[in-house]
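A short worksheet on the structure shown next.
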Amino acid sequence: PRLAVLCSGRGSNLDAILSAISAGTLDAEVVGVFSDKPACTALQHVAPELRWSAKPGDFPNRASFEQAMGDAIAAARPDWIVCAGYMRILGNAFVERFRGRMLNVHPSLLPRHRGLDTHRHALEAGDREHGASIHFVIPELDAGAVIAQVAVPMQATDTPQTLAARVLVQEHLLLPEVLRWAVAGRLHERDSTAILDGHTL
Ligand code: GRF
């Protein structure tokens, strides 16, 4: 199965995918990494011919940027599209184009703390636990059906940075696990819910 990965930054989740593939625990191939940040580290993790990037500011509007990125993704013929630290909101047309086979890793226990700065928000809210979620991407931000979550207990001494680091470790375990389900054909989105092996999650 073919994976397209969308990234904007460091690319540690992309690395987790690539490591699982190398280790033989994820039967998949990364067929392209797509980015809105041409200088990002994530792109360096794959061979030059697998990289696509462009600056949204070089396009007349977001829709035309996403049309171009979407065409490049479609040309790579992925089975699944993974938003792994892609930090830009995706428009409706792009999301609908890949609906049902696009996943996102989000650093919170959704539906808590959608959007940015989740670790700070969890601390400010006085939450006792935080974590990460993998969900199907729908037009509404971080609101698609949740496939899997992992909880991380909070500590009194936590800062956004210490919390982010502990959550990230769990993201790197959870994302390959969900991708194993996806590439095995076990995972579907139906009527805005996530289905694994025919059962609603
Ligand atoms: C991760 O915490 C991801 O959940 C969030 O942004 C961070 C990206 O990290 N959306 P990386 O680029 O995968 O290292």
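Please treat every number below as a calculation from the coordinates, not as lab data. Everything numeric here is computed off the predicted structure, so don't read it as measured data. For neighbour counting, all protein chains shown are included, and Cβ atoms are generated from backbone atoms with ideal geometry for every residue, glycine included.
Table for the structure above
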{"item": "Anisotropy class of the chain from Cα gyration tensor, a/c 1.5 cut", "result": "rounded"}
{"item": "Residues of the stretch 106-121 with amide N under 15 Å of a point placed 7 Å along Cα→Cβ from L201", "result": "106-111"}
{"item": "Surrounding net charge for E171, when Lys and Arg each add one and Asp and Glu each subtract one, Cβ distance under 13 Å", "result": "0"}
{"item": "Percent RCO, i.e. relative contact order, over the stretch 2-200, from Cα pairs under 8 Å lying at least 6 residues apart", "result": "20"}
{"item": "Nonlocal amide H pairs with V30, under 5 Å, H built at 1.01 Å", "result": "L3"}
{"item": "Of all DSSP beta bridges in the chain, antiparallel share, percent nearest 5", "result": "50"}
{"item": "Two-site label geometry, A74 and E49: point separation in nm, points 7 Å out along Cα→Cβ", "result": "2.4"}
{"item": "Pairwise centroid distance, computed over Cα atoms, of the stretch 148-195 with the stretch 1-60, Å", "result": "18"}
{"item": "C-alpha long axis of helix 12-23 to longest principal axis of the chain, angle in °", "result": "70"}
{"item": "Selection from H106, S12, T159, by position along the positive dipole direction of the chain (Cβ)", "result": "S12"}
{"item": "Inter-label distance, nm, simple model (7 Å from Cα along the C-beta direction), R120/A165", "result": "1.9"}
{"item": "Net dipole in debye of the chain [+1 Lys, Arg Cβ; -1 Asp, Glu Cβ; about Cα centre; nearest 20]", "result": "180"}
